[in-house]
Every structure is written in C-alpha cells, then in structure tokens.
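Here is the structure we will look at, set down as structure tokens.
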Amino acid sequence: MTSKSRKAAAFVVLFCSIISGCSGMDENGTDAPVRVSSEVQDEVEKVSSSILEILSLKAKMTESGAMISPCKEGAYRAHHPWGVYGPPAKDLGEAMDRLRSQLPKKGWKIVKDGADGSQARSPQIVADSADGKFSVDARFHGKRSDDPAQLEVTVQSACFRPEPGSTS
C-alpha cells in the first residue's frame, strides 16, 4: 500500500466516523457482534469477580452492577465500575502489585502501567483480555487528607450490537 493510498484509506475511515459513526462497528472499525445485552453484563460481572479474586483483599466494596452505555452509533458496551476500600493503603498497594503480576499470567495484556492523568497522578493499570472482549482499568488512590485509600476498578466489554428488537 502506497503512502497516498494509506492516507486515502485513513481519510475514508475518519470521514465515516465523523459523519455516520460507522453504525454497528467497534472501535477498530470492524463489525461489532450481535449479542444479548444481559449476557454481556453477566460476563463483565464475572470478569470483575475474577479481578477481585486476584486482588485478594478483605475489604468493603462499592457495587453498582454492570451497565450498558453507548460505544459507537448503533453499538453498545457493558461497563462495571466498582471499588474496594477499608484496608490500609499499604495493603491496597500490595493488591495493585498482585494485579500487575497476575494479569499477564491469566492471559491479560497490560497496555498501561503508570500514573493516570489526574492531578494526583494515581497509579493505574489498564489491561486487555487475550481475546479482546474485555478491558480492565484499575487505579490506586492512596490516602490523601481525609479521603480513605481505595482501589477503583472498571471492567468493560468490547462493543456489540443488541439483538434486533431488544433494548439496551
């Protein structure tokens, strides 16, 4: 592929994304699979449970359950935000280290391991599942002022299209 044809292809993809949202496509420009929303939510919650097992903490947990949100025009994703708090910051930091070492052993690819973009520059790990169906974002918020230390985790699915006739 020549440089000129690569530029033309990139323009077409960009134009499609801006004008129409490339209905039904995932973030990589491929067709998002048709899935049952509730099944995707259940899968995301199971992945969250496996992340909690890796953290191996006796802690309080915030729980909202997985939710469906727009991904691209005509496509959706399930995301499950939750957090753990209660143990000392040292224990939460060690749990983050377990996540860092265990995710690759369980088939995850760590795509970011460093400070997040917040003013506090909190440690952040972002990883994608080997099959590309899930992503996890974990952030460690150490004790600052009166705020207790906590780990904030979000698990999300890849984009999907709901079955015809179903609502997301």
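Between their Cα atoms, which of Lys58/Lys106; Lys46/Lys112; Lys46/Lys72; Lys109/Lys133; Lys46/Lys106; Lys58/Lys90 are more than 18 Å away from each other? As for pairs spanning more than 18 Å Cα to Cα, those are Lys58/Lys106; Lys46/Lys112; Lys46/Lys72.
Each Lys and Arg Cβ is given +1 and each Asp and Glu Cβ -1; about its Cα centre, the stretch 47-168 then shows a dipole of about 220 debye. Sequentially through the stretch 126-142, phi angles give Karplus couplings (6.51, -1.76, 1.60; θ = phi - 60°) of 10, 9, 10, 5, 4, 7, x, 8, 9, 9, 10, 10, 10, 10, 9, 9, x Hz, Gly and Pro residues having no value and appearing as x. Listed by chain and number, the aspartates and glutamates whose alpha-carbon sits under 19 Å from that of Lys105, ignoring those within fewer than 8 places in the same chain, are Glu53, Glu94, Asp97, Asp113, Asp128, Asp131, Asp137.
In order along the stretch 110-124, phi translates into HN-Hα couplings of 6, 9, 8, 8, x, 6, 7, x, 6, 4, 6, 6, 5, x, 9 Hz, rounded to whole numbers, per the Karplus curve 6.51 cos²θ - 1.76 cosθ + 1.60 with θ = phi - 60° and x for Gly and Pro.
Projecting the Cα atoms of Trp82, Pro104, Gly114 onto the charge dipole of the stretch 82-127 (Cβ charges, centred on the Cα centre) puts Pro104 farthest toward the positive pole.
Taken over the stretch 52-105, the convex hull of the Cα atoms encloses 100 Å³ per residue. Accessible area per residue for the stretch 57-129 is 55 Å², calculated with a 1.4 Å probe on protein heavy atoms, without ligands, DNA or RNA.
The values are calculated or read from the model by the stated rules, or taken from the named source; none is laboratory data. Only a predicted model underlies this, so the values are computations on that prediction, with no experimental measurement involved. A quick note on method: Cβ atoms are made from the backbone with ideal geometry, for glycine too, and the neighbour counts reach across all protein chains shown. We work out accessible area using only protein heavy atoms, side chains counted, and drop any ligands, DNA or RNA first. Shrake-Rupley method; radii C 1.70, N 1.55, O 1.52, S 1.80 Å.
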